[in-house]
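The structure under discussion appears below in the form of structure tokens.
The values are calculated or read from the model by the stated rules, or taken from the named source; none is laboratory data. Bear in mind the structure is a predicted one, so any value in this text is a computation, not a measurement. Neighbour counts are summed over all protein chains in view; Cβ atoms, including those assigned to glycine, are modelled from backbone coordinates with ideal geometry.
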Amino acid sequence: MENQPNTLGALFQNAGDYLETRLDLLKLQAINKSSDAASSIVSSVATLIFFIFALGLLNFGLALWVGELLGRVYLGFFVMAAFYIILALLIHFFKDTWIKGPVSTMIIKKMLN
């Protein structure tokens, strides 16, 4: 019976150590998932920036080419502007299906891995 208080104290000490270790593990897992998600976002943004630059140059060239075909350079820019207005309207009306759903799914998969 004399060892019981000492054993009980050791049990509480071990339980406290276990809880502290478990909390540290949860923190590290959260940091790992956050850093993975952040690095994926940063690399995607960097890729997107270069893609936007390339797309801008391509659009400028297409506008000049269409303008040359139509006989007036400015008409090519109007045609390209009309194309992007139509594209923006399509994206606006289908944003939940085309953007929100896939992006939400990707984020959830990243966070659960």
inquiry  = within 30 Å of Phe83 (Cα to Cα) and either polar (S, T, N, Q) or over 22 Å from the mean Cα position of the chain (by Cα) (or both): which single residue out of Ser44, Ser35, Ser40 fits that description?
reply    = Ser44
message = Based on this model, can you work out whether Thr105 counts as surrounded by fewer than 10 Cβ atoms within 10 Å (Cβ to Cβ) and either hydroxyl-bearing (Ser, Thr, Tyr) or within 30 Å of Asn32 (Cβ to Cβ) (or both)?
response = no
remark   = The one condition Val45 fails out of (1) at pLDDT below 95; (2) surrounded by 11 or more Cβ atoms within 10 Å (Cβ to Cβ); (3) of a type in the set (Val, Ile, Thr) is (2)
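So that you can scan it fast, the table gives a plain yes or no per residue for (1) among the β-branched types (Val, Ile, Thr); (2) closer than 20 Å to Ile107 by Cβ; (3) in a helix (DSSP H, G or I):
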residue: Lys33; (1), (2), (3): no, yes, yes
residue: Ile41; (1), (2), (3): yes, yes, yes
residue: Gly67; (1), (2), (3): no, no, yes
residue: Leu87; (1), (2), (3): no, no, yes
inquiry  = Among the residues of the range 23-36, are any touching a helix residue (DSSP H, G or I) at 6+ places or on another chain (Cβ under 7 Å), over 18 Å from Leu112 (Cβ atoms) and surrounded by 10 or more Cβ atoms within 10 Å (Cβ to Cβ)?
reply    = no
The range 70-83, subset in a helix (DSSP H, G or I) and loosely packed, with under 11 Cβ neighbours inside 10 Å, residue nearest to the chain's Cα centre (by Cα) = Ala82
note = Counting only residues in the range 59-69 that are small (Gly, Ala, Ser) and surrounded by 15 or more Cβ atoms within 10 Å (Cβ to Cβ), the one farthest from the chain's Cα centre (by Cα) is identified as Gly67
